[in-house]
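The values are calculated or read from the model by the stated rules, or taken from the named source; none is laboratory data. Keep in mind that what you see is a predicted model, and the values were worked out from it rather than measured. Here Cβ is always computed from backbone atoms with ideal geometry, including for glycine, and neighbour counts include all displayed protein chains. Accessible surface areas use protein heavy atoms only, side chains included; no ligands, DNA or RNA. Shrake-Rupley method; radii C 1.70, N 1.55, O 1.52, S 1.80 Å.
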Amino acid sequence: MNTISEAARSTARALTERTINCEPSVDALAAKLAENRPLRIKLGVDPTAPDIHLGHTVVLGKLREFQDAGHTAILLIGDWTARVGDPSGRSSTRPMLSAEEIEANAETYRQQAFRILDPDRTEIRSNGEWFSEMGLARLFELASQVTVNQLLRRNDFSDRMREDRAISLLELLYPLMQAYDSVALKADVELGGTDQLFNLMLGRDLQARLGQPSQVALTVPILTGIDGTNKMSKSLDNYIGVGDPPEEQFGRTMRIPDEVMADYYRLLFPRERPPDGHPGVQKRHLGRLIVERFHDADAAAAAEEHFNRVHRDRGTPEDMPEYVLAADDSVHLPALLVDALGLGSRSEARRMITQGGVSLDGEVVAELDVPRDAVAGRVLRAGKRRFARILDEAPFSSQGP
């Protein structure tokens, strides 16, 4: 048995700072580090929604730490596991996405992940590489390695069984698929949130059954969303996106409840000491840090000024995008909100309208279809931070000789 050096133990302790689980032990990670080779560090992400948010950056930051220590970062895009949908933390079956939706989301993930990772030291893979070619014979062979009893020990499944809520056969396959990803990639370490521990441990078990050294399972805390209650999620609209405009990032930061703000500092900026004083001061500082991280210091200052003008001073932005109406007699407001203000979908826009979050020149609009002259020349506002001036025709347009 090889002796683990104190240097390897010290590195292992440093790499497991701000983590929750290191299974089977920190010494197991130290033993891998003592092999004096670049370890293969796997992080799988399923592109089930567009954009990476701050919740993703917690585990991406840990992956970057391994990169900086000289190891190989493998960002696995789960284009096939996304078709199933991860049941972790779910009380119901996820809707199945189309291949086109998954690929569009995956492309966004690939681009935005490099706001945190070093592209020159990142191996990007997709599990479609092996699952798209896998026949039934190989699937049967893999399925024989786990039992239904083993899978149903997951809290997600056992809770739903007890409450007689549906569990699809595909969902039972999901942990096995994630586990096989580790086999295909020969992962030495797999990273994930605490809700992923079962899947990561199944990866260890499957590697051992198939004759590979077992990976170390390393989990990081889950970032609470800006609602202060749930895991940060695009579907719950409690997120801050890494690709959001600066004023959107700053404004959403100001909605974080005081009682969870310390977690944001601890998980996102562990070396940054919150300023003394009122929580509002600390929140503004956090907002500037977030915008600076994904944009720059000038953008952070402008975003705070925008927030002051729109929210504290109850004004409208001095500069706002302009949008020229198409030549139609009426305007479908959900479509206009998507095109002019950048809302993610028409269904999101309809929901905002029905909740009273859309206005024209400060007057709440409840209709989905409005006359063209009711919109032209007015300021369209959605929520607290999205504005556009709606024009009947482009300014300075040429009228011809």
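Residues that are open to solvent by 10 Å² or more (accessible area, probe 1.4 Å) and under 24 Å from HIS71 (Cα atoms) do not occur anywhere in the range 157-176. Just one of (1) in contact (Cβ under 8 Å) with a residue 60 or more places away in the chain; (2) among the aliphatic types (A, V, I, L, M); (3) surrounded by fewer than 14 Cβ atoms within 10 Å (Cβ to Cβ) fails for VAL146. It is (3).
Exactly one residue among ARG309, ARG389, ARG293, ARG314 is outside any loop (DSSP other than H, G, I, E, B), modelled with pLDDT under 90 and open to solvent by 60 Å² or more (accessible area, probe 1.4 Å), and that residue is ARG389.
With a requirement of 3 or more residues that are modelled with pLDDT of 95 or more, touching a Leu at 6+ places or on another chain (Cβ under 8 Å) and closer than 22 Å to ALA106 by Cβ, the strands (runs of 3 or more DSSP E) lying completely within the range 1-88 that satisfy it span 40-45, 72-77. For GLN207, the conditions (1) under 15 Å from the mean Cα position of the chain (by Cα); (2) over 30 Å from ALA302 (Cβ atoms) are fulfilled apart from (1). Scan the range 238-284 for residues that are surrounded by fewer than 18 Cβ atoms within 10 Å (Cβ to Cβ), under 26 Å from PHE114 (Cβ atoms), without any contact (Cβ under 8 Å) to a residue 60 or more places away in the chain and touching an Asp or Glu at 6+ places or on another chain (Cβ under 8 Å) and the total you get is 1. Go through the range 237-286 and count every residue that is more than 28 Å from ARG110 (Cα to Cα), out of contact with any helix residue (DSSP H, G or I) (no Cβ under 8 Å at 6 or more places or on another chain) and of a type in the set (Asp, Glu). Matching residues across the range 237-286 total 2.
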